[in-house]
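Reading through the structure tokens given below for one structure.
The values are calculated or read from the model by the stated rules, or taken from the named source; none is laboratory data. Source: prediction; values computed, not measured. Heads up, the Cβs are rebuilt from the backbone with ideal geometry, glycines too, and the neighbour counts pull from every protein chain shown.
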Amino acid sequence: MAEKKKEAKIEKFPLVDSWKILLYPLLTEKTIGKIETENKLVFIVDKKSNKKQIKWAAEKALNVKIDSVNIMIDRKGRKKAWIKLSKEYSASEIATRLGML
């Protein structure tokens, strides 16, 4: 019984590679609008990750400062992370660097 509880516990930063938390960027018309108007990027992330882990992974992978992270699970069972970048950074520049735009 104690072994199952240890496996289910999520560590603060369990993965060294930030791209194991941020699986891939989501590209839809709505997310491209968010990039241009609200300075936000949208990623599909690992279902076991939490907001702190996503923020850490995005800051490490993209070399930016993050203001906030909102998460949701969609109907397909994927976990989406809406990552709002700090005003010093442009989401459109990061998106072009990643090949999204």
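Which of (1) at pLDDT below 95; (2) out of contact with any Phe, Trp or Tyr (no Cβ under 9 Å at 6 or more places or on another chain) does PHE13 not meet, given it meets every other one?
(2)
Could you grab me the full set of residues in the stretch 18-32 that are outside any strand (DSSP E or B) and hydroxyl-bearing (Ser, Thr, Tyr)?
The first filter runs over the stretch 18-32 and keeps only residues outside any strand (DSSP E or B), leaving 18-21, 26-32.
Within the stretch 18-32, SER18, THR28, THR31 meet the criteria.
Within the stretch 59-99, take every residue that is within 21 Å of GLU36 (Cβ to Cβ) and of a type in the set (Lys, Arg) and give me the one that is nearest to the chain's Cα centre (by Cα).
LYS80
Taking the condition at pLDDT 95 or above and in contact with a helix residue (DSSP H, G or I) (Cβ under 6 Å, 6 or more places away or on another chain), does VAL42 pass?
On the way: at pLDDT 95 or above: yes; in contact with a helix residue (DSSP H, G or I) (Cβ under 6 Å, 6 or more places away or on another chain): yes.
So VAL42 fits the description; yes.
Looking at the stretch 54-74, can you tell me whether even one residue there is at negative phi and in contact (Cβ under 8 Å) with a residue 60 or more places away in the chain?
Kept after step one, since they are at negative phi, are these residues of the stretch 54-74: 54-62, 64-74.
Of the ones still in play, those that are also in contact (Cβ under 8 Å) with a residue 60 or more places away in the chain are none.
Looking through the stretch 54-74, none of the residues is at negative phi and in contact (Cβ under 8 Å) with a residue 60 or more places away in the chain.
For residues that are surrounded by 12 or more Cβ atoms within 10 Å (Cβ to Cβ), in contact (Cβ under 8 Å) with a residue 24 or more places away in the chain and farther than 14 Å from ALA95 by Cβ, tally how many sit in the stretch 20-50.
Within the stretch 20-50, residues that are surrounded by 12 or more Cβ atoms within 10 Å (Cβ to Cβ), in contact (Cβ under 8 Å) with a residue 24 or more places away in the chain and farther than 14 Å from ALA95 by Cβ number 8.
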